[in-house]
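A quick write-up on the structure given underneath.
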Amino acid sequence: MFWRNADAKLLRNLAAYRKTKNHSGVFNKLRNHYHKVQHIMWSTLTASDIHRDAVIAVSVRMPHLNGIVIHQEAIIEDDCLIMQQVTIGQTGDGAANIKRGVYIGAGAKVLGRIQVGKGARIGANAVVLKDVPANCTAVGVPAKTITPTD
């Protein structure tokens, strides 16, 4: 089905775009243009704004692509789960680096050049402006970090 796994199709398209972006030759230019057009199509269909130059691992899951905004300088590592209406943007000095296995809840905003540690969780509608350590949870506006207790 055309719509099934739209997030995986979009991320594969972005990876293919990055792969052909700096290559020369007529064939590579055509392939690059094809991936740009495909990116525009998927962005329009899903109402998302994910920049083509953002570094996003192919294993990242976005089950509801609606309203997701990702800045071009963002780096998102493997096995992350990003819900709908999430913004990963900048505050003037760059965008976030999101480590492996992070969960970002619906409506959350991750702003600025910050690090979100491995296995961290960001609650729904949280506004994250500071680093989140590994295996911690960030909730609230502005987000406060909750460390796990044993």
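The values are calculated or read from the model by the stated rules, or taken from the named source; none is laboratory data. Nothing here was measured: the structure is a model prediction, and the numbers come from that model. Ideal geometry is used to build each Cβ from the backbone, glycine not excepted, and the neighbour counts take in all protein chains shown.
Figure legend. Inter-residue proximity from region 114-129: first residues farther than 13 Å from I76 by Cβ and free of Cβ contacts under 8 Å to residues at least 40 places away in the same chain, second residues of a type in the set (S, T, N, Q) and not in a loop (DSSP other than H, G, I, E, B), beta-carbon distance below 6 Å, spacing 6+ or different chains. Indicated pairs: R121/T137. Put simply, of G112, G101 the only residue that is at pLDDT 85 or above and either among the aromatic types (F, W, Y) or in contact with a Cys (Cβ under 9 Å, 6 or more places away or on another chain) (or both) is G101.
Please give the number of the condition G107 fails out of (1) crowded, with 17+ Cβ neighbours inside 10 Å; (2) over 17 Å from I56 (Cβ atoms). Condition not satisfied by G107: (1).
Residues that are modelled with pLDDT of 85 or more, surrounded by 15 or more Cβ atoms within 10 Å (Cβ to Cβ) and closer than 18 Å to G123 by Cα within region 41-78 comprise V60, M62, H64, G67, I68, V69, I70, I76, listed in sequence order. For the criterion of being modelled with pLDDT of 90 or more and over 28 Å from T20 (Cα atoms), N125 passes. The single residue among S24, S59 that is under 25 Å from T137 (Cβ atoms) and either part of a loop (DSSP other than H, G, I, E, B) or among the aromatic types (F, W, Y) (or both) turns out to be S59.
This table checks each residue for (1) part of a helix (DSSP H, G or I); (2) of a type in the set (S, T, Y).
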{"site": "R12", "(1), (2)": "yes, no"}
{"site": "A16", "(1), (2)": "yes, no"}
{"site": "Y34", "(1), (2)": "yes, yes"}
{"site": "L45", "(1), (2)": "yes, no"}
{"site": "R52", "(1), (2)": "no, no"}
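Residues that are among the charged types (D, E, K, R), under 22 Å from K9 (Cα atoms) and surrounded by 15 or more Cβ atoms within 10 Å (Cβ to Cβ) are absent from region 111-124.
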